[in-house]
1. Multiplying the sequence separation of LYS18 and ASN163 by 0.36 nm and subtracting their Cα-Cα distance, what value in nm do you get?
2. Neighbour counts of other C-beta atoms within 10 Å: give me TRP233, TRP253 arranged from fewest to most.
3. Would you mind computing, in nm to one decimal, how far apart the modelled labels at TRP322 and GLU237 are, each placed 7 Å from Cα along Cα→Cβ?
4. Nothing charged except the Cβ atoms of Lys and Arg (+1) and of Asp and Glu (-1): what's the magnitude of the dipole of the range 59-232 about its Cα centre? Round to the nearest 20 debye.
5. Determine which lysines satisfy two conditions relative to LYS236: a Cα distance under 23 Å, and not lying fewer than 8 residues away in the same chain.
6. Can you tell me how much longer the chain between VAL250 and LEU264 gets when fully stretched, taken as 0.36 nm per residue apart minus their C-alpha distance, in nm with one decimal?
7. In nm, to one decimal, how far is the modelled label at LEU95 from the one at LYS137, with both set 7 Å along Cα→Cβ?
8. For ALA345, list long-range residues whose amide hydrogen, built 1.01 Å from N in the peptide plane, is under 5 Å from its own amide hydrogen.
Amino acid sequence: MGRWYWHVAARQLRFYWKQTLGSILGIAAAILALMVILSFAQGIHGFFGERILLLAPHLTLEAGINAEVREDRTTAILRVPGVQAAAPYLQFPGLVQKGLAAEPVTIKAVTWEAEEELLRVSRLLVQGDWQRVQQGKGVVLGAELARQLGIGVDDEVTLVSPNGSLRFTVDGLFYTGYYGADAGLVLLELSAGQALQGVEGITGYGVRVEDFAKADAYIGPLQQATGLWVRPWYAKEQGLFISMAVQRTVLVWVLVFTLLVSSLGIMNVYFLRAWAQQRSVGVLRALGASPSEIAALFLIQGLGSGLTGGVLGMLGARAVVWGLGQLTIRLPQIFYMERLPITWAHQESWWVLGVAVLAGLVAVVLPALRMTKVDPVEVVRRVG
């Protein structure tokens, strides 16, 4: 008889086209929703990663908590293969005051030339002149922090550290699109920061490498070359990324269970179809079809529905993601985003397609097992 059940399965899918179409559309809708959610999650993750790295080095090298680095280790850092730039910094908590208004901030004192080579700070300025910033002894604030305090370029502010306070002129405002930096970071020249904090050393070094996605690979060589504690860029924002990962996981499981519910509905359709096909199955058994071939007949139908629904869902999701990516959607100010971040989750597409196929197979397993137990003699007796 050969692989006859492939041909019969295809004929049955066409004959019961309404049920087949319903099964395919049910799976496709669930897959479309799942892929769009995953694309949103990837887009948001990429958005925050991109914005954080505008003012965060790929790696930071520090002596440790409450410890200073007093020796110049720039040469040793730059000798490590793959390191492109290194800049010293002094970082400590403080307050920025303007009149009666005050905001808690992180104060980061840098060498402007080295910081520009490391992070290209000049491209982030929305107010002020970079030449003035380099030549002056003033501060550069985040645009959101300046808005909260009602200040601008040329205004004077007071920076308060754990060891003292000094007045500075605002030389510029920067904007990254990441609220944590724009509302909570103050930059100033290294010697001014040391005078404010009353120290002679530095906190450590910021480092830029060739591939920030592989920053972990540089931790060992940099520790060995400098003897400092090395942390990757995402370590300081671990809480944010953990929160996003948890939200993504919850949404994925909600949609997977939605797909499971859809599979149960499809299962009911196949139970009805199996009941209607008992006579045909009895005839096939009488002609010599084995129980495994009867099971294969139904499993092929489930495989076809799952695969077709998965592919249609993927194509639909790709179109939706592309369309949303082309739109300029203005989000409320509370989200602190200029656009809707969405990126096609191509790395997730294969396992999602596998879930669609699995859903189609799960929907027909029980009907297939039921049909393997059909007794051809009993079917003929009932028909007679």
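1. 44.5 nm
2. Ordered by Cβ neighbours within 10 Å, fewest first: TRP253, TRP233.
3. Once both label points are built, they end up 3.0 nm from each other.
4. Value, rounded to 20: 160 debye.
5. LYS236 reaches LYS108, LYS214.
6. 2.9 nm is the gain from fully extending VAL250 to LEU264.
7. 2.4
8. Excluding prolines and chain starts, which carry no amide H, the hits are SER39.
Read-outs throughout are calculated quantities, based only on the coordinates presented, and are distinct from any laboratory measurement. In this text the structure is predicted, and so the values were computed from the model without any measurement. Using ideal geometry, Cβ is built from the backbone for each residue, glycine included, and neighbour counts are taken over all protein chains shown.
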